[in-house]
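The values are calculated or read from the model by the stated rules, or taken from the named source; none is laboratory data. None of the values given here were measured: they were computed from a predicted structure. In this analysis, Cβ positions are derived from the backbone assuming ideal geometry, glycine residues included, and neighbour counts consider all displayed protein chains. Heads up: the accessible areas ignore ligands, DNA and RNA and are worked out on the full protein's heavy atoms, side chains in. Shrake-Rupley method; radii C 1.70, N 1.55, O 1.52, S 1.80 Å.
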Amino acid sequence: MIKSTYSKIESINESIRVVKEKKLLHNLTEDEACNGREISMSNKRLINFGSCSYLGLETDERLKDAAIDAVQRYGTQFSCSRTYLSLKLYRELEDLLSAIFPARPVLYSTTSLGHKAVIPIVVEDTDACIYDQYAHISMQEEIIKLQARGVKVAICRHNRMDEVEHKIKQLESKYRKIWYFTDGVFSMYGDVAPFELLTQLQKKHSCLHLYIDDAHGMSWTGTHGAGYCLSHITFNNKIILSTSLAKGFASAGGVFLFGDAALYDKVQLWGGPLTYSGPQQPAVLGASIASAKVHLSAELLSLQQWLASKIAYCNDLLKSKNIPMIAATNTPIFFIGIGTNKVACNLVSRLINEGFYTNISVFPAVSENCSGIRFTITNHITFQDIRNLVNAIETHLPLALSEEHRSALDISKAFKLNITLFENILSRNNGLKLQSVNSINNVAPQVWKLLEQKNNRLTRVNLQIFEKTFSGNPEKQNNWTFHYFTIKDHNEEVVIATFFTELFLKDDILLPSDVSDKIEWIRRKSPDFLCSRSLLMGSLLSEGTHIYINSSHPEWLEALELLMDQINSLKERNHIQLVLLRDFHTDEKNLHEYFMGHGYIPFKMPETYSLNIKPYPNEEAFVKSLVHRRRRHLKKDVLRLQHYFSYECVSQVPEKMISVLYNLYQQVSRRNLSINIFPLPEKLLQHINHSEHWEFILLRLKGNKEPVAFVAAYKSETYKSYHPLIIGLNYQHTEYKIYKQMLYRAITRGIELQYHKIYLGISADLEKRKMGSDAERNMIYLQTDDNINQSIIENIWNNPGNKLMYSEST
């Protein structure tokens, strides 16, 4: 996960904004009245496949009459904290719900508020928590907060009971209770928790307590509509069950059941929002009472059976047409896998035009490259409605893929499905050709010149050094595979040229240093913790533009699609977990929308610094050009200390000095967690040492033979630019401000060479600004194969507590 100065919230907002602008999110109905089956939106009458009122009771006259009667008798609100006083309707509703469920409930205004009240009370400081990565966000938010109290929190991949048991075995000797949090029916895919395996785990591990949110399982199944969970697991004193009255029950509120009577008393007496949040309105209580009576009547079974027949009908239709269902279950929630955001948006828009309202599902509700459409079935929906929708999906899914230049292969790769509905309709008859090679030596010089002119740090000489350095090493992190891509049209004109590095990368590469510090503590025992096989545009040793796009070419978008295909194929073939497209200018709006349409999440990179040194004929002129406060800083921290040092610039150092310089580099590498990468190998310095295009700036304290600091810098005579790339510092001499000394010496060396520009890279923002450098902020676009690592990082990020808390979070 990359999260620098651009926060996850901003990235989520940006993802949602793009979809909202297509009028697929945050819409309003235009109806004067609702009948349950249809809605009006954007001047269209649509069949509503987006409702979670599964039994269709929200339009039942008995519920409406009961709500009206409660308002007539008690007013619109009974405004009093429930700690002091509650309407008698609460008692009536609780009695009825006690007949539906195997325990007396605690009621909250919403299920989300209920989690805020219950979780902090029932989980004690001596407990540990494990949660499914797709557990409802309202639970996850409260679980993560527990870390501030020192509670151990771990996450498991979705429905992976082998991982859950592994963590239980790790934790059961240290913690009194281990809580596992999951959904009964998951709200996006409509799949369900493996209750049989959970029952077995509870029998094997006496410490295991279950906390299950069955909001989407309520009403449409189970005796008296008690829900999916209670139909598949025996309620016991180690289970807490929550469910919602706002879906199949057709009113509002959260219901919480406790197998342990002592926990019931504890929560009921002092349950956070139970005390300080407002009570349910009389209308809601009246409707809930009426719904509960329906649930306890013989009528409910016919309502359930009616819905079940529609669910089975829809499943059969989708299966017969090979439409990519992600979870073929008997729940009323259906998810059709699409892959990329842009195809999902296209399909949902097409379905709206055909008269069907469905839900688009994109990040963060699902993983970045696993977008799709979600639709639900209620008793308002007819069999003909279902057939019409499935036919529309069958017709428009291939057309949406074709229009967005994608194919069914996207769905196969994203969801690991065998798609046989339609052939790969993505054609490349436009004559574009992609060449992929693994060495810069196999890229034509005239092709590479196009990219080198946009980024004069990407010279053939440097890439030859990098290729030679990062191969044949014993450490997997020091073996990189280079992929050079060239796309040409039928006239051999270059449309796109770029390169990627395939490598083992730390997921926290650009996270704040305090977060990386916690992660590095864990890596002392587990070196691969939160590391991923990654595909990085450019390399770790390059900055700036890494792709040449001939945007004036009529087929440049088609060429970009071809590149995306190649990346996806490489990702699948080599089991890449993380793809990073980087160093794009923030004003490149077309590419911004394009990458997000392909399921990439945008983040702003840390600022990168450069200095235009062309105007300065000498060092004195540069110093005079600085504004007064910066010149004062320079004199105080740099110039007044210069007499302690001797300075030398050499094109080559003695071989025996390489190990000395590498030791200095390692000191920086260990401390500089703002760019957290594996240490570069020593042989990089060895190869640089034999290149005429590189040089070393050495800084010594007078009277000492060995350097206390150095910089290895690349010199571009062609483009008159200077590139300090690798720095080493002896931190025993910090009183001499040696980093500032080296920074200043790198700048004056560029001036001495009469170059035009010096590139100073990322980090040490304040010091580089004080030297007069300019900052540039670029974008990076990220896509993960599985967001489990990102979720673990989120836990670590939000935990201010002891590092020991993460020792077993892998």
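Please give, to one decimal in nm, the separation of the simple spin-label points placed at Gln384 and His166, each 7 Å out from Cα toward the Cβ.
Taking the simple label geometry, Gln384 and His166 are separated by 5.3 nm.
Setting aside same-chain residues fewer than 8 positions from Lys167, which aspartates and glutamates have a Cα under 15 Å from its Cα?
Qualifying aspartates and glutamates at Cα under 15 Å: Asp127, Asp132, Glu808.
Could you state the principal axis extents of the C-alpha atoms in region 489-566, from the largest down, to the nearest angstrom?
55, 21, 18
How much length is gained if the chain between Lys614 and Asn574 is pulled fully straight, taking 0.36 nm per residue apart and subtracting their Cα-Cα distance, in nm to one decimal?
Between Lys614 and Asn574, full extension yields an extra 9.9 nm.
Using a 1.4 angstrom probe, figure out how much accessible area the chain has per residue, in square angstrom, rounded to the nearest whole.
That works out to 40 Å² per residue.
Among the listed pairs Lys152/Lys768; Lys476/Lys737; Lys715/Lys768, give every one whose C-alpha distance is greater than 30 Å.
As for pairs spanning more than 30 Å Cα to Cα, those are Lys152/Lys768; Lys476/Lys737.
With all protein chains present, how much of the accessible area of the chain (probe radius 1.4 Å) comes from carbon and sulfur, to the nearest whole percent?
Reported share for carbon and sulfur atoms: 50 percent.
Among the lysines, which fall within straight-line cross-link reach of Lys310, defined as a Cα-Cα distance under 20 Å, with same-chain neighbours fewer than 8 residues apart omitted?
Answer for Lys310, where 20 Å is the Cα cut-off: Lys247, Lys319, Lys321, listed by chain and number.
With a 1.4 Å probe and every protein chain left in place, tell me how much accessible area Ile9 has, in Å² to the nearest 10.
Approximately 120 Å² of Ile9 is accessible to the 1.4 Å probe.
Once you have the alpha carbon radius of gyration of region 117-166, what is it after dividing by 2.2 N^0.38 Å, with N set to its residue count?
1.12
Per DSSP H run of n ≥ 4, the term is -39500 (n - 2.57); total these for the chain, divide by its residue number, and report the mean residue ellipticity at 222 nm rounded to 500 deg cm²/dmol.
It comes out at -11500 deg cm²/dmol, rounded to the nearest 500.
Compute the normalised compactness of region 544-604: alpha-carbon radius of gyration over 2.2 N^0.38 Å, N being the residue count.
1.17
Could you state the principal axis extents of the C-alpha atoms in region 3-162, from the largest down, to the nearest angstrom?
Extents along the principal axes, in whole Å: 49, 47, 34.
Region 126-201: D in µm²/s via Stokes-Einstein (Kirkwood Rh, Cα pairs, 37 °C, 0.692 mPa s)?
Approximately 256 µm²/s, per Stokes-Einstein.
For region 268-314 and region 559-588, what is the centre-to-centre distance using only Cα atoms, to the nearest Å?
Going from one Cα centre to the other spans 47 Å.
The chain: Rg/Rh from Cα coordinates, Kirkwood Rh?
Rounded to two decimals, Rg/Rh equals 1.03.
Which order, highest average first, do 522-535, 442-455 follow once you tally other Cβ atoms within 10 Å for each residue and take the mean per peptide?
Ranking the peptides 522-535, 442-455 by packing returns 522-535, 442-455.
I want the local charge near Ser309. Using Cβ-Cβ distances under 15 Å, sum +1 for each Lys or Arg and -1 for each Asp or Glu among the other residues.
Summing Lys and Arg as +1 and Asp and Glu as -1 gives 0.
Mean separation of Cα pairs under 8 Å and 6+ residues apart, divided by the residue count of the chain: what relative contact order is that in percent?
RCO, the chain: 14 percent.
Between beta-carbons, use under 13 Å as the cut-off and find the net charge around Arg104, counting Lys and Arg +1, Asp and Glu -1.
-3
Would you mind estimating how fast region 309-452 diffuses translationally, via Stokes-Einstein at 10 °C and 1.306 mPa s with the Kirkwood radius over Cα pairs, in µm²/s?
The estimated diffusion coefficient comes to 94 µm²/s.
Distance between the C-alpha centers of region 488-555 and region 385-419? Whole Å please.
Here the answer is 30 Å between Cα centres.
Take the residue pairs Lys266/Lys293; Lys22/Lys589; Lys702/Lys757; Lys145/Lys525; Lys604/Lys720 and return only those whose Cα atoms are more than 21 Å apart.
Lys266/Lys293; Lys702/Lys757; Lys145/Lys525; Lys604/Lys720
What is the Rg over Rh value, at two decimals, for region 627-701, using alpha-carbon atoms and the Kirkwood definition of Rh?
Checking Rg against Rh, the ratio lands at 1.06.
Measuring from a point 7 Å past the Cα of Lys23 along Cα-to-C-beta, which residues in region 589-607 have an amide N at less than 12 Å?
none
According to the square roots a ≥ b ≥ c of the eigenvalues of the Cα gyration tensor, what is the shape class of region 678-724, taking rounded for a/c under 1.5, prolate for a/b larger than b/c otherwise, and oblate for the remainder?
oblate
Which value, in Å³ per residue, describes the convex hull spanned by the Cα atoms of region 293-358?
117 Å³
According to the Kirkwood expression over distinct Cα-Cα pairs, how big is the hydrodynamic radius of region 425-545, in Å?
After inverting the mean inverse Cα-Cα distance, the result is 16.5 Å.
State to the nearest 20 debye the size of the charge dipole of region 93-193 about its Cα centre, where the only charges are +1 on K and R beta carbons and -1 on D and E beta carbons.
Magnitude of the dipole: close to 360 debye.
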